[in-house]
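The values are calculated or read from the model by the stated rules, or taken from the named source; none is laboratory data. Just so it is clear, the model here is predicted, and its values are computed rather than measured. Here the Cβ positions follow ideal geometry from the backbone for every residue, glycine too, while neighbour counts run over all protein chains shown.
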């Protein structure tokens, strides 16, 4: 009887893992179809919450993780612990940089949320709504959160709405 129950439980675990993986694939199939998939990443210039202005060339020679997000976005808030864990894994690395690109329109709300969550990575924003933001349009972001991984040469390596894919990609870089 115990063997029978263990077999059923193991089968359910395998089925659950396969279902979760399929759902993640479906998220990209639903929300990432228009994202830029390959080639040179478009240049951008955006102000940072630190008062400086940044462009793509400022990150040349580094792997750049761009996180398009907003403080009001439930999915963005839900994945924040994963992003904090990712930042801890790459902390101190000079070759991998994570940058948030917020479509918040209120600088005070963005600053308060960043402080409250202990977000230490650079945050950029033009403080325009997603549909009005040139960088969101340039990178074809229609859903948030959206992630891009850009290589040291400025080429797009990954475009996804699934944080687990970014984590897996970065783990390969860290080996």
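Figures for the structure shown
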item	result
Considering residues of the stretch 155-175 that are within 12 Å of residue 36 (Cβ to Cβ) and out of contact with any helix residue (DSSP H, G or I) (no Cβ under 6 Å at 6 or more places or on another chain) only, the residue surrounded by the fewest Cβ atoms within 10 Å (Cβ to Cβ)	155
Residue within the stretch 96-103 that is in contact (Cβ under 8 Å) with a residue 60 or more places away in the chain and loosely packed, with under 14 Cβ neighbours inside 10 Å present	no
Out of 110, 64, sole residue that is assigned by TED's automatic domain parsing to the domain that holds residue 46 and either closer than 27 Å to residue 39 by Cβ or touching a helix residue (DSSP H, G or I) at 6+ places or on another chain (Cβ under 8 Å) (or both)	64
The listed residue being assigned to a loop (DSSP other than H, G, I, E, B) and modelled with pLDDT of 95 or more, out of 119, 101	119
Some residue of the stretch 64-87 being over 19 Å from the mean Cα position of the chain (by Cα) and either at pLDDT 95 or above or part of a loop (DSSP other than H, G, I, E, B) (or both)	no
Hits in the stretch 114-130 (condition: crowded, with 17+ Cβ neighbours inside 10 Å and more than 7 Å from residue 103 (Cα to Cα))	114, 119, 121, 122, 123, 124, 126
Any hit, the stretch 15-32, residues being modelled with pLDDT of 85 or more, buried (at least 17 other Cβ atoms within 10 Å of the Cβ), out of contact with any helix residue (DSSP H, G or I) (no Cβ under 6 Å at 6 or more places or on another chain) and not in a helix (DSSP H, G or I)	yes
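Every residue, every condition in (1) within 15 Å of residue 59 (Cβ to Cβ); (2) in a loop (DSSP other than H, G, I, E, B); (3) at pLDDT 95 or above, yes or no:
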{"position": "92", "(1), (2), (3)": "no, yes, no"}
{"position": "131", "(1), (2), (3)": "no, no, no"}
{"position": "136", "(1), (2), (3)": "no, no, yes"}
{"position": "166", "(1), (2), (3)": "no, no, yes"}
